[in-house]
Amino acid sequence: LPEVRAAAMRLVELRGRLRERRAAHAGLRHAIDGNGGGYAVGDLQATEVELQAIGAEVESCLDRLAGLGVLVKDLDSGLVDFPSDRYGEPVLLCWRVGEDAVAFWHDSSSGFAGRSPIDWDAT
């Protein structure tokens, strides 16, 4: 979980930064398309380079998590699933950024809304 936690936390941070920079990019584009607003095309290009760098880092985090066998379900909240089995049936252990431990599970059809506490004593 420590490796997953680090990558998932970074993903949440990057997604926030990506939203922020996309909004800034849209504002710059609008200003430049209007009367320029004192901005130059170079300002727009700089935000595009930054957006590409953030996107590459998001991809790197996703690759890292996939390499650990983790299924990323929601980038904004850092929700991930760990394929597992319960009494011989496939299930997903469920964790998201902010939770102390992997403490929930659900079957593949119910998703986050159907997650239940793990009864570790019954396994």
With a 1.4 Å probe and all protein chains kept in place, how much accessible area does Glu89 have, in Å² rounded to the nearest 10? 110 Å²
Can you give the Rg to Rh ratio for segment 14-74, taking only C-alpha atoms and Rh from Kirkwood? 1.17
To the nearest 20 debye, what charge dipole does segment 67-123 have about its Cα centre, counting +1 at the Cβ of each Lys and Arg and -1 at the Cβ of each Asp and Glu? 120 debye
Roughly speaking, what % of Cα-Cα pairs in segment 79-123 are separated by over 14 Å, rounded to a whole number? 43 percent
Candidate cut points under chymotrypsin sites (Phe, Trp or Tyr not before Pro) in segment 56-123, DSSP loop plus at most 16 other Cβ atoms within 10 Å of their own Cβ, are Tyr87
How far is it, in nm, from the label point at Glu59 to the one at Ala24 when both lie 7 Å from their Cα along the line to the Cβ? 2.2 nm
Per residue convex hull volume, Cα only, segment 50-112, in Å³ is 94 Å³
For the chain: relative contact order, % (alpha-carbon pairs under 8 angstrom, 6 or more apart): 21 percent
Might you report the magnitude of the Cβ-based charge dipole of segment 25-110 about its Cα centre, with Lys and Arg at +1 and Asp and Glu at -1, to the nearest 20 debye? 40 debye
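The values are calculated or read from the model by the stated rules, or taken from the named source; none is laboratory data. What you see is a predicted model, and the numbers here were worked out from it, not measured in a lab. Cβ sites come from the backbone with ideal geometry, for glycine too, and all protein chains shown count toward neighbours. We work out accessible area using only protein heavy atoms, side chains counted, and drop any ligands, DNA or RNA first. Shrake-Rupley method; radii C 1.70, N 1.55, O 1.52, S 1.80 Å.
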